[in-house]
Amino acid sequence: SRRLKEYDPSIQIVGAEPVEGHAIQGLKNMTEATVPDIYEPSHLDRIVTVRDRDAFECANRLAVEEGLLVGMSSGAAVWAAMEMAADLAKDDTVVVLLPDRGDRYLSTNLFFPSVCAEYTDSSDT
């Protein structure tokens, strides 16, 4: 974030933070977690709080609608980006980093019911 601000001070750095007691693997709520030394809250312009359901549903939508098999942290990041985009002008740009992939969550309830279930046609069997 430091380099981006050097490049263009108008760039906004936004963090996605889960609610307390969350189930979003890979993300931390900084009020209940051990804060890593690399975390510099002064570099954030805003934090968007993300609920589990929003992160999970967004990860599912990314799989079904965009063909992106991502994990719940990525779902949270994209949900936060969409929240930010709602407040921006039409020509503004939003860049979001997807911090995980979805294959490691196939054995969890993240994609349950299966994101493919609605496309299964019983006549195909």
In segment 84-125, what residues are open to solvent by 80 Å² or more (accessible area, probe 1.4 Å), under 19 Å from Lys28 (Cα atoms) and at pLDDT 90 or above?
Leu97, Pro99, Arg101
Of the residues Leu98, Leu62, Leu69, Leu44, which single one is under 15 Å from Glu17 (Cα atoms) and touching a Gly at 6+ places or on another chain (Cβ under 7 Å)?
Leu44
If I filter segment 73-89 for residues that are of a type in the set (S, T, N, Q) and closer than 24 Å to Gln12 by Cα, do I get at least one hit?
yes
Checked against (1) closer than 26 Å to Leu110 by Cα; (2) surrounded by fewer than 19 Cβ atoms within 10 Å (Cβ to Cβ), Ala80 satisfies every condition except (2)
Could you grab me the full set of residues in segment 26-48 that are in contact with an Asp or Glu (Cβ under 8 Å, 6 or more places away or on another chain) and assigned to a loop (DSSP other than H, G, I, E, B)?
Gly26, Leu27, Lys28, Asn29, Met30, Thr31, Glu32
Of all residues being open to solvent by 50 Å² or more (accessible area, probe 1.4 Å) and closer than 18 Å to Leu98 by Cβ in segment 1-18, which is modelled with the lowest pLDDT? Just the residue, please.
Ser1
Among the residues of segment 1-18, write down those that are part of a strand (DSSP E or B) and either of a type in the set (Phe, Trp, Tyr) or under 29 Å from Ser107 (Cα atoms) (or both).
Gly15, Ala16, Glu17, Pro18
Would you be able to tell me the number of residues in segment 19-64 that are over 21 Å from Leu106 (Cα atoms) and either touching a Phe, Trp or Tyr at 6+ places or on another chain (Cβ under 9 Å) or buried (at least 19 other Cβ atoms within 10 Å of the Cβ) (or both)?
4
Under 7 Å by Cβ, and 6 or more places apart or on different chains, what pairs join a residue from segment 65-83 that is farther than 17 Å from Asp45 by Cα with one that is of a type in the set (Phe, Trp, Tyr)?
Gly71/Tyr105; Met72/Phe56; Met72/Tyr105; Gly75/Phe56
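The values are calculated or read from the model by the stated rules, or taken from the named source; none is laboratory data. All of these numbers come straight from a predicted model, not from anything done at the bench. Glycine also receives a Cβ, built like all others from the backbone with ideal geometry; neighbour counts cover every protein chain displayed. Heavy atoms of the whole protein, side chains included, go into the accessibility calculation; ligands, DNA and RNA do not. Shrake-Rupley method; radii C 1.70, N 1.55, O 1.52, S 1.80 Å.
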